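The values are calculated or read from the model by the stated rules, or taken from the named source; none is laboratory data. Keep in mind that this is a model prediction, so the values were computed, not measured. All Cβ positions, glycine included, derive from the backbone under ideal geometry; neighbour counts span all protein chains shown.
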Amino acid sequence: MDNNGSEEELRASVEAYVDMHRLEGNGQAFTKKSYYEALADRFGRTVKSYEYLMQNISYVYSLQGRRWVSGLRPARNVGTNVIRILEKLIAASEGQQLGSNSDFDAAVEKLRKKPPATPPKGNKKPASVESSVTQFVRDPDVVAWVLVQAAGRCECCDAPAPFHREDGSPFLEVHHVQRLADGGEGL
């Protein structure tokens, strides 16, 4: 972890990021620079180095399908080991068990940009892992209401539903503006 700091430094950085993410999600004001300055004072690096580190954390959030802190666009070319470490620290900071495949997703994205010349062999006996998952109970009234209001069109891009259900009704996926896992309400 030499280039990316000690585990204590990374943990403190992730905790700062998670705090900013929480504040932003709650609509509370904060100054990113004050977080960077506090980390710089504590660990002796430059303020700019913490902005870059926060962009690495944003990258992990993006791989998890989560929104990142505004103004901290996800970095590019974040190493798999760094992703794995940050992912564990994020889960710990949020009091959650690790359940994402961010390093897998990053590897897929890298290979999509430079695919192998020949088809891969694959795995005849893929490994498996057991995990525990927390799922939020969604309110069917809310989902039905949103689908009716959408009238068969995506509320994000205004395109018509890409598929139809067996009964002919448009198929749209209903998502929360703020993910339930990020503290969003089931409204």
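The table below lists the values:
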{"read-out": "Residue in region 120-128 that is modelled with pLDDT under 75, hydroxyl-bearing (Ser, Thr, Tyr) and farther than 21 Å from Ala16 by Cα present", "value": "yes"}
{"read-out": "Among residues of region 51-82, those that are touching a Lys or Arg at 6+ places or on another chain (Cβ under 9 Å) and of a type in the set (Phe, Trp, Tyr), counted", "value": "2"}
{"read-out": "Selection from region 11-58 of residues that are surrounded by 17 or more Cβ atoms within 10 Å (Cβ to Cβ), over 30 Å from Glu185 (Cα atoms) and aliphatic (A, V, I, L, M)", "value": "Leu39"}
{"read-out": "Test result for Gly27, under 28 Å from His175 (Cβ atoms), more than 15 Å from the chain's Cα centre (by Cα) and either in a helix (DSSP H, G or I) or of a type outside the set (Val, Ile, Thr) (or both)", "value": "yes"}
{"read-out": "Search result, residues across region 85-119 that are assigned to a loop (DSSP other than H, G, I, E, B), at pLDDT 80 or above and of a type outside the set (Ser, Thr, Tyr)", "value": "Glu94, Lys114, Ala117, Pro119"}
{"read-out": "Any hit, region 69-76, residues being among the polar types (S, T, N, Q), assigned by TED's automatic domain parsing to the domain that holds Arg11 and more than 20 Å from Gly183 (Cα to Cα)", "value": "no"}
{"read-out": "Yes/no for Leu147 being modelled with pLDDT of 80 or more, part of a helix (DSSP H, G or I) and over 23 Å from Tyr59 (Cβ atoms)", "value": "yes"}
{"read-out": "Close pairs (7 angstrom Cβ cut-off, 6 or more residues apart or separate chains): closer than 17 Å to Asn81 by Cβ in region 39-60, surrounded by 15 or more Cβ atoms within 10 Å (Cβ to Cβ) and aromatic (Phe, Trp, Tyr) anywhere", "value": "Ile57/Tyr17"}
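Let's see how each residue does on (1) touching a His at 6+ places or on another chain (Cβ under 9 Å); (2) farther than 24 Å from Arg179 by Cα; (3) hydrophobic (A, V, I, L, M, F, W, C):
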{"site": "Leu63", "(1), (2), (3)": "no, no, yes"}
{"site": "Arg67", "(1), (2), (3)": "yes, no, no"}
{"site": "Asn81", "(1), (2), (3)": "no, yes, no"}
{"site": "Phe104", "(1), (2), (3)": "no, no, yes"}
{"site": "Glu109", "(1), (2), (3)": "no, no, no"}
{"site": "Ala117", "(1), (2), (3)": "no, yes, yes"}
